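Take a look at the structure below.
The values are calculated or read from the model by the stated rules, or taken from the named source; none is laboratory data. In this text, all values refer to a predicted model and were calculated from it rather than measured experimentally. Positions of Cβ are generated from backbone atoms using ideal geometry, with glycine treated the same way; all protein chains shown enter the neighbour counts.
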Amino acid sequence: MSAFAEYAKEQQEIDGLLFKGYTIAGIQEGLDGARIKFVRGEPAKSSVELLLLTADARKYVTTLVVAGLKAEGEQAGCYSGEV
């Protein structure tokens with residue numbers, strides 16, 4: 001499987017979990033990849049752990065986390081968008 005195909009598969013898994021209402025609750029980096037913990041509160045509480053092996057998928061998750069933090073900061077009036 002090509003590197004892009006591996007990344008595309010992992011990205012689809014991430015997007016699928018987010019579409020189902022899961023949120024990213026934790027990231028644990030290791031030598032074997034990154035373990036991402038997803039949790040869902042409603043309708044039934046559950047959690048899923050996903051092991052990401054490609055660097056691009058790990059960067060994708062980090063981008064999603066940063067974008068979420070930025071959006072939360074903007075809603076709270078803590079982020080002006082200026083550097």
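Counting the residues of the stretch 1-29 that are surrounded by 12 or more Cβ atoms within 10 Å (Cβ to Cβ), among the polar types (S, T, N, Q) and farther than 17 Å from ASP56 by Cβ gives 1.
For (1) out of contact with any Leu (no Cβ under 8 Å at 6 or more places or on another chain); (2) among the β-branched types (Val, Ile, Thr); (3) surrounded by 13 or more Cβ atoms within 10 Å (Cβ to Cβ), each residue gets a yes or a no:
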site	(1), (2), (3)
ASP32	no, no, no
VAL39	yes, yes, yes
PRO43	yes, no, no
SER46	yes, no, no
LEU52	yes, no, yes
THR63	yes, yes, no
ALA71	yes, no, no
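A search for C-beta distances below 7 Å between a residue of the stretch 24-38 that is more than 12 Å from LEU53 (Cα to Cα) and any residue that is among the polar types (S, T, N, Q), counting only pairs 6+ apart in sequence or on different chains, returns LYS37/SER47; PHE38/THR23; PHE38/SER47. Does GLY16 count as modelled with pLDDT under 95 and not hydroxyl-bearing (Ser, Thr, Tyr)? Taking the combined requirement at face value, the residue does not satisfy it.
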